[in-house]
Amino acid sequence: MAKVGFIGMGNMGSAILKGLLKKGTYGPQDLLFTAAHREKMEQVTVETGVPHASSNRECAESSQYLILAVKPQYFDEVFDDIREGLRPGQIVVSLAPGLTIKSLRERMGGQVRVVRAMPNTPALLGEGMTGVAYEAEAYSEEEKAEIREIFTSCGKAELVEERQMDAVGCVSGCSPAFVYMFIEALADSGVKYGLPRKTAYEMAAQTVLGSAKMVLETGKHPGQLKDEVCSPGGTTIAGVSALEEWGLRNAVIKAADASYEKSQKIK
Ligand SMILES: NC(=O)c1ccc[n+]([C@@H]2O[C@H](COP(=O)([O-])OP(=O)(O)OC[C@H]3O[C@@H](n4cnc5c(N)ncnc54)[C@H](OP(=O)(O)O)[C@@H]3O)[C@@H](O)[C@H]2O)c1
């Protein structure tokens, strides 16, 4: 029996699987997966040493924790495959936005326990951020520790209430895309004023990485860190003032509004 099985080996499934292997918490023989295409499964097995199951049902039957890493529009197809193979009380982890624990449990026949997790793709490098929600009374302390271990193996994990999961989606699930856009724009500005493209991307990305570490490791409020960079009458406050004028914060909050509303509509 594998410790963790994945149905789906796309962006998120492979990020978590490779993150788990990189951290060394689990070895290839502790993991199992399926994908839609045989060539994809063979390629991942060759690359990682992780065996693939011959069917979704076999993957479900042979895994202690089963992670659903397919897009939600394929859930019905996958549930039809695995429903008969699921054990009563088996723990199934959904990475999908919007879909509730209650509705997923019912769609899988009512006997499983469902964990909702909202990770992000930096899990691939062991730098993911995952919000996790479950009905705490249904899990042993050992199971809670193992669920935590799966997600802390590929980054940080926070237990949240289920009603907060769509907010987690805005701040961690979707937001790598927002941050990449910021990095791209920052690098474009460097290129505009004469930096080579490669140097501009490296500088922009390292600055975002370093600034994020300053927030996490100093414990200082981001506003205080911003103030510390702004000399009176200097170049940085001139840029900060322009960002306010052009609505950076408003644009970010509007992006979160759009993601939140979209996940509220997924049923
Ligand atoms: N991408 C993100 O940044 C992100 C962040 C947070 C949460 N999520 C959630 O994570 C889940 C997976 O998203 P994703 O971005 O990883 O999707 P994806 O890149 O499109 O990958 C989907 C995977 O599902 C496989 N698949 C499709 N139909 C299948 C079936 N019937 N049986 C078995 N495997 C099947 C595909 O196989 P092939 O590879 O063979 O085509 C593919 O490996 C979704 O619920 C998504 O909302 C994603």
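Where a number appears in this text, it was derived from the coordinates with a stated rule and is not lab data. None of the values given here were measured: they were computed from a predicted structure. Positions of Cβ are backbone-derived with ideal geometry, glycine not excepted, and every protein chain shown enters the neighbour counts.
Quick check for me: using +1 on Lys/Arg Cβ and -1 on Asp/Glu Cβ, what's the dipole size of the stretch 1-131 about its Cα centre, in debye to the nearest 20?
On the way: 15 positive and 13 negative charges, 90 e Å.
About 440 debye.
For Lys156, nonlocal amide neighbours, meaning residues 5 or more places apart or on other chains whose placed amide H falls under 5 Å from its own, are Gly128, Met129, Thr130. Across the stretch 48-62, coupling constants 3J(HN,Hα) worked out from phi with the 6.51/-1.76/1.60 Karplus curve, θ = phi - 60°, read 10, x, 7, x, 10, 7, 7, 7, 4, 4, 4, 4, 5, 5, 9 Hz, and Gly and Pro carry x.
How much length would be gained if the chain were fully extended between Leu195 and Phe178, taking 0.36 nm per residue of separation minus their Cα-Cα distance, in nm to one decimal? Walk me through the numbers before you get to the answer.
Working: separation 17, 0.36 × 17 = 6.12 nm, distance 2.29 nm.
Gain in length upon complete extension: 3.8 nm.
Shown for the stretch 43-144 is the translational diffusion coefficient from the Stokes-Einstein equation, using the Kirkwood radius over Cα pairs, a temperature of 4 °C and a viscosity of 1.567 mPa s: 89 µm²/s. Computed on the stretch 1-95, with alpha-carbon pairs under 8 angstrom and 6+ residues apart, the relative contact order is 34 percent.
Listed by chain and number, the lysines whose C-alpha is less than 30 Å from the C-alpha of Lys18, apart from same-chain residues fewer than 8 away, are Lys3, Lys40, Lys71, Lys102, Lys144, Lys156, Lys198, Lys213, Lys262, Lys267.
Temperature 4 °C, viscosity 1.567 mPa s: under these conditions the Stokes-Einstein estimate for the stretch 153-243, based on its Kirkwood radius over C-alpha pairs, is 83 µm² per second.
Kindly state, as a whole number, the per residue volume in cubic angstrom of the convex hull around the alpha carbon atoms of the chain.
Spelled out: Cα convex hull of the chain, divided by residues, is 149 Å³.
About its Cα centre, how strong a charge dipole does the chain have in debye, to the nearest 20, once Lys and Arg get +1 and Asp and Glu get -1 at the Cβ? Intermediate results must be reported in sequence, preceding the final value.
Values: 30 positive and 34 negative charges, 71 e Å.
My answer is approximately 340 debye.
When each of Glu143, Glu47 is scored by the number of other beta-carbon atoms lying within 10 Å, the sequence from fewest to most is Glu47, Glu143. Roughly what would the spin-label model give for Glu135 and Glu162, points 7 Å off Cα along C-beta, in nm? Result: 0.7 nm between the two label points.
With the helix formula -39500 (n - 2.57) applied to DSSP H stretches of n ≥ 4, the chain reaches a computed 222 nm mean residue ellipticity of -16000 deg cm²/dmol.
Exposure proxy check: Lys254, Lys18 ranked by fewest other beta carbons within 10 Å? Before the final figure, lay out each step's value.
Working: Lys254 11, Lys18 19.
Lowest to highest Cβ neighbour count: Lys254, Lys18.
For the stretch 93-156 and the stretch 204-258, write down the distance between their C-alpha centroids in whole Å. Taking the Cα centre of the stretch 204-258 as reference, the centre of the stretch 93-156 is 32 Å away. Projecting the alpha carbon convex hull of the stretch 166-217 along each direction and taking the average yields 3.9 nm².
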